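Trainee: Take a look at the following structure, please.
The values are calculated or read from the model by the stated rules, or taken from the named source; none is laboratory data. Note that the structure is a prediction, hence the values are computed from the model and not measured. Cβ: placed from backbone, ideal geometry, glycine included. Neighbour counts: every protein chain shown. Note: accessible area is taken over every heavy atom of the protein model, side chains too, but ligands, DNA and RNA are not part of it. Shrake-Rupley method; radii C 1.70, N 1.55, O 1.52, S 1.80 Å.
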Amino acid sequence: MKHLPNILSSLRIVGAVALLLSNVPGILFWMLYIVCGISDIADGWLARKLKCVTKRGALLDSVADICFVACCAWKLLPILELPQWLWLWAGVIVAIKAVNQFSTLVMYGHCCFPHTTANKWSGFLLFIAVPMTFWSIAPITIVASVATFAAIHENYFIRTRNDILKSADNFSIV
């Protein structure tokens, strides 16, 4: 039972890869999307509930998140009609996150993926907003706002919480 959160994270990686093999906007794609999204919510909740939170589990969750987002982006971005300013905004968010990782590497000798509340909300809202983006860019704009705050907050966390970064109990270290 204590391995269930890690099993869910591993299955999310498999589901994310399966997304690449499915047709958008097919039923299989959206079923896999929903299962992967729910597993993202469930794995962390179960790990805390079962008192089996581990560094390895947090890292696996982060890797699964990256795989899920990357596979969704690979399939959805070519068919979504997003304005150029939104692409630029997304690039700024990615740049901030890259600077965060580089800063952590320089300061502490490793990368990390803090599981902050802002990052969790950003991921949850992204999961909800992606299907709505076919009809309106308003939801994804809200997500971009939250993701920008989360990236800046992550930078603040990295720069000020070196005691937590050294213990590494609530985020992933690579």
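Trainee: Can you name the residue in region 156-174 that is more than 16 Å from the chain's Cα centre (by Cα) and open to solvent by less than 40 Å² (accessible area, probe 1.4 Å) and, of all such residues, is modelled with the highest pLDDT? Quick ask: steps written out before the conclusion?
Mentor: At the first step, the residues of region 156-174 found to be more than 16 Å from the chain's Cα centre (by Cα) are 156-169.
Remaining after also requiring open to solvent by less than 40 Å² (accessible area, probe 1.4 Å): 157-158, 164-165, 168.
Values: 157: 84, 158: 81, 164: 53, 165: 53, 168: 45.
So, considering only residues that are more than 16 Å from the chain's Cα centre (by Cα) and open to solvent by less than 40 Å² (accessible area, probe 1.4 Å), the one modelled with the highest pLDDT is 157.
Trainee: State which residue pairs qualify: first residue more than 14 Å from residue 12 (Cβ to Cβ) and at pLDDT 85 or above and inside region 30-52, second residue in a helix (DSSP H, G or I) and of a type outside the set (Asp, Glu) in any location, beta carbons under 8 Å apart, and separation of 6 or more residues or different chains.
Mentor: That search, which allows pairs on different chains as well, returns 30/131; 50/4; 50/5.
Trainee: Here is a check on your reading of the model: is residue 73 within 29 Å of residue 42 (Cα to Cα), surrounded by 12 or more Cβ atoms within 10 Å (Cβ to Cβ), without any contact (Cβ under 8 Å) to a residue 24 or more places away in the chain and out of contact with any Cys (no Cβ under 9 Å at 6 or more places or on another chain)?
Mentor: On the way: within 29 Å of residue 42 (Cα to Cα): yes; surrounded by 12 or more Cβ atoms within 10 Å (Cβ to Cβ): yes; without any contact (Cβ under 8 Å) to a residue 24 or more places away in the chain: yes; out of contact with any Cys (no Cβ under 9 Å at 6 or more places or on another chain): yes.
The answer is yes for residue 73.
Trainee: Any idea which of 145, 136 is over 13 Å from the mean Cα position of the chain (by Cα), at pLDDT 85 or above, small (Gly, Ala, Ser) and not in a helix (DSSP H, G or I)?
Mentor: The unique qualifying residue is 136.
Trainee: Out of 62, 39, which single residue is touching a strand residue (DSSP E or B) at 6+ places or on another chain (Cβ under 6 Å) and on the phi < 0 side of the Ramachandran plot?
Mentor: 62
Trainee: What do you reckon, is residue 84 under 19 Å from residue 158 (Cα atoms) and either under 15 Å from the mean Cα position of the chain (by Cα) or open to solvent by 80 Å² or more (accessible area, probe 1.4 Å) (or both)?
Mentor: no
Trainee: I'd like to verify a number: residues in region 47-56 that are surrounded by fewer than 20 Cβ atoms within 10 Å (Cβ to Cβ) and in a helix (DSSP H, G or I), how many?
Mentor: The qualifying residues number 4.
Trainee: Right, another one. Please verify whether region 94-108 includes one or more residues that are charged (D, E, K, R) and part of a helix (DSSP H, G or I).
Mentor: Checked region 94-108: at least one residue is charged (D, E, K, R) and part of a helix (DSSP H, G or I).
Trainee: Can I ask one more? Cβ contacts < 6 Å: first residue within 16 Å of residue 119 (Cα to Cα), restricted to region 97-108; second residue outside any helix (DSSP H, G or I), any location; separation 6+ or different chain. Result?
Mentor: Partner pairs satisfying both residue conditions: 101/111.
Trainee: Still on this structure, please answer the following. Looking at region 122-130, can you tell me whether even one residue there is among the small types (Gly, Ala, Ser), out of contact with any Ser or Thr (no Cβ under 8 Å at 6 or more places or on another chain), open to solvent by 30 Å² or more (accessible area, probe 1.4 Å) and modelled with pLDDT of 90 or more?
Mentor: Checking region 122-130: not a single residue is among the small types (Gly, Ala, Ser), out of contact with any Ser or Thr (no Cβ under 8 Å at 6 or more places or on another chain), open to solvent by 30 Å² or more (accessible area, probe 1.4 Å) and modelled with pLDDT of 90 or more.
Trainee: Take residue 89 and tell me if it is in contact (Cβ under 8 Å) with a residue 24 or more places away in the chain, in a helix (DSSP H, G or I) and open to solvent by 20 Å² or more (accessible area, probe 1.4 Å).
Mentor: Spelling it out, residue 89 is indeed in contact (Cβ under 8 Å) with a residue 24 or more places away in the chain, in a helix (DSSP H, G or I) and open to solvent by 20 Å² or more (accessible area, probe 1.4 Å).
To keep it simple, each residue is scored yes or no on (1) basic (Lys, Arg); (2) within 21 Å of residue 78 (Cα to Cα); (3) in contact with a helix residue (DSSP H, G or I) (Cβ under 9 Å, 6 or more places away or on another chain); (4) open to solvent by 40 Å² or more (accessible area, probe 1.4 Å).
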| site | (1), (2), (3), (4) |
| --- | --- |
| 5 | no, no, yes, no |
| 11 | no, no, yes, yes |
| 22 | no, yes, yes, no |
| 58 | no, no, yes, no |
